[in-house]
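Reading through the structure tokens given below for one structure.
The values are calculated or read from the model by the stated rules, or taken from the named source; none is laboratory data. Source: prediction; values computed, not measured. Here Cβ is always computed from backbone atoms with ideal geometry, including for glycine, and neighbour counts include all displayed protein chains. Each accessible area value is taken on the protein alone, full model and side chains, heavy atoms only, with ligands, DNA and RNA left out. Shrake-Rupley method; radii C 1.70, N 1.55, O 1.52, S 1.80 Å.
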Amino acid sequence: MKIDGIENGIVLDHIKAGRSMLVYRYLGLDRVKSQVAMIQNCVSHKMGKKDIVKISENIDLDLEVLGYIDPGITVNYIKDGKQVRKASLELPEKLRNVLRCRNPRCITSTEQELPHIFRLADRERRQYRCIYCDTIAKKDEIRSMLP
Ligand SMILES: [Zn+2]
């Protein structure tokens, strides 16, 4: 895989600088069999600095998780060296097993098999609430679900 372009696969562009590792871990890119390149701190006219992740295979991406990490990320699908599709992201209305509820009295702390589901309560402030107990998720709590 060339570092400046790929023949087939996906390019995640405009990732906020320093977040590519989060993207990598959250999308489970360590399980991808083909080549994955992470480029940190690229110079961007729009953003100053940005990260880029290139995957040389058309894998099924969890666009909801990606949208939660950073809705500004652009997803470019590449086929035969050309961009064939572009997906735009947004903050998902619901997050399933991405955030973990920290309320010790929440039903999810006793019912281990229950999925942790959060709904978007305030788009402007990126605020999510547990659907069971209404607890507000802390900012960037996404990291807490990482192994
Ligand atoms: Zn809860």
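Any idea of E111's accessible area? Nearest 10 Å², probe 1.4 Å.
80 Å²
Excluding residues on the same chain fewer than 8 positions from K49, give the aspartates and glutamates whose Cα lies under 17 Å from its Cα.
D4, D13, D70
Any chance you could list P(r) for the stretch 71-134, counting all Cα-Cα pairs in 5 angstrom bins from zero, rounded to whole %?
P(r) over the stretch 71-134, rounded to whole percents: 4, 16, 19, 16, 12, 10, 9, 8, 4, 3, 0.
Putting +1 on Lys and Arg Cβ atoms and -1 on Asp and Glu Cβ atoms, find which of F118, C42, L12 reaches farthest to the positive end of the dipole of the chain.
With unit charges placed on the Cβ atoms, the residue in question is C42.
Looking at the chain, identify the longest residue range that excludes and avoids all trypsin sites (Lys or Arg not before Pro) in DSSP loops having at most 10 other Cβ atoms within 10 Å.
My reading of the result: 47-104 is the longest stretch.
Might you report the magnitude of the Cβ-based charge dipole of the chain about its Cα centre, with Lys and Arg at +1 and Asp and Glu at -1, to the nearest 20 debye?
380 debye
For every helix of n ≥ 4 consecutive DSSP H residues, a contribution of -39,500 (n - 2.57) applies; sum these over the chain, divide by its total residues, and give [θ] at 222 nm rounded to the nearest 500 deg cm²/dmol.
-3000 deg cm²/dmol
Once amide H atoms are placed 1.01 Å from N in the peptide plane, what residues at a sequence separation of 5 or more from K16, or on another chain, have their amide H within under 5 Å of its amide H?
Amide H neighbours of K16, under 5 Å, 5+ apart: D51.
Taking 1 over the mean of 1/r across every pair of different Cα atoms in the chain, what Kirkwood radius in Å do you get?
Averaging 1/r across every pair of different Cα atoms and inverting gives 16.4 Å.
Kindly point out, ordered by number, any Cys in the chain whose beta-carbon has no other cysteine beta-carbon under 4.7 Å away.
When partners are defined as cysteine Cβ atoms under 4.7 Å apart, the chain leaves C42 without one.
Taking only protein heavy atoms and a 1.4 Å probe, what accessible area per residue, in Å², does the stretch 1-135 have with all protein chains in place?
On a per-residue basis, 60 Å².
Carbon-plus-sulfur fraction of the accessible area of the chain, 1.4 Å probe, in percent?
Here carbon and sulfur together make up 46 percent of the probe-accessible area.
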